[in-house]
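Before anything else, here's the structure in question.
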Amino acid sequence: MEYDQLIIAAGIEQRWNAIPGLQEAAGGASLVSNYTLDLAEAASTGLRELESGTVVFTQAAEPASCAGVAQKPLYLACDRWRERGVLDRIRVVFVTPEPAPFHIDAVASELRRTLDAYGVETFYAATIAEVRPHASELDVVVDGQTTTIGYDLLHASPPQMPAEWIAESDLHGDDGFVDVDRETLRHRRWDDVWALGDAASLTRIRSGGAIRAQAKIVADGLTRPRRRGQYDGYSETPFTVTRRTAVFAEFDRRGRLRPSIPWWRTLYRERRFTYFLDRWVLPWVYWNLILKGRA
């Protein structure tokens, strides 16, 4: 198939077999995840009906497709358990390879406050060495020390990597993703190749919230090359921390806060306003404006 312009938006691949035992565990009733449709449906039911035991939530190491999204079911489940009066009967464990809940200190402080309020046991800068589904336990390594945790329910985020066909082609850079200019999204070696989304080598932190800005840059580059728009790495990650409030993180590639309302520097703090924005306004904007090229 010949082309005049090639636009790559192939996403990222999940590697369930990268952690010993994880793929096997994914076939059982004790593992759920919001990274696949069937496991997400199982997560909704399993978390809602749980009344006691140990639940472990894991966050994927970068690169990943919005790695922080693994925290959303944790917060919502804890909020529901607290409302039902069973939270004190559930041991909630959060395992993340990051040194904090988020890479921006101000946002991390908001999320730490929520984790502490729910009584979540946290393992930072941690890796999962192995999952043993038959024993319902996993090994967590922090600073070379291994801790074995038994679980009744494991909410897992699989390791993720560039698509193999990209990594094996001449399209990729040192990190295995499509090697594009971070500001123009045009390939560094071929002027007729573009990439955006998780497939592109743009930022360390990937998020679906970046797509609107990236798509506009690519569209302008193809149709209005004289405009020369530049992508500054803007992205956003909303964390629904209760069923009424959210922490809305907006940032650029340098880890600086980039609120949509420039004068509202504390927009990232937990608020009902940002929950309303994330729950009702942004979905309407997505379906009615973004997908139709109007925003």
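The values are calculated or read from the model by the stated rules, or taken from the named source; none is laboratory data. Not measured: the values here are computed from a predicted model. Quick reminder, even Gly has a Cβ in these numbers, built from the backbone with ideal geometry, and neighbours come from all protein chains shown.
Can you tell me which residues in segment 1-25 are in a loop (DSSP other than H, G, I, E, B), over 19 Å from the mean Cα position of the chain (by Cα) and not charged (D, E, K, R)?
Residues satisfying the conditions are M1, Y3, Q5, P20, G21.
Still on this structure, I have one more. Within segment 166-189, does at least one residue satisfy the condition of being closer than 25 Å to A43 by Cα, basic (K, R) and touching a strand residue (DSSP E or B) at 6+ places or on another chain (Cβ under 8 Å)?
Taking every residue of segment 166-189 in turn, none turns out to be closer than 25 Å to A43 by Cα, basic (K, R) and touching a strand residue (DSSP E or B) at 6+ places or on another chain (Cβ under 8 Å).
While we're here: crowded, with 17+ Cβ neighbours inside 10 Å and under 18 Å from the mean Cα position of the chain (by Cα): is that true of S136 in this structure?
Answer is no for this residue.
Please work out which one of (1) surrounded by 15 or more Cβ atoms within 10 Å (Cβ to Cβ); (2) in contact (Cβ under 8 Å) with a residue 60 or more places away in the chain; (3) farther than 21 Å from H103 by Cβ is the condition L222 fails and give its number.
For L222, the failing item is (1).
Next question. Regarding V86, is this residue in the same structural domain as D116 (by TED's automatic domain parsing), surrounded by 22 or more Cβ atoms within 10 Å (Cβ to Cβ) and out of contact with any Lys or Arg (no Cβ under 6 Å at 6 or more places or on another chain)?
No, not satisfied.
I need the full set of residues from segment 190-199 which are closer than 17 Å to E168 by Cβ and in contact with a helix residue (DSSP H, G or I) (Cβ under 9 Å, 6 or more places away or on another chain), in order please.
A195, A199
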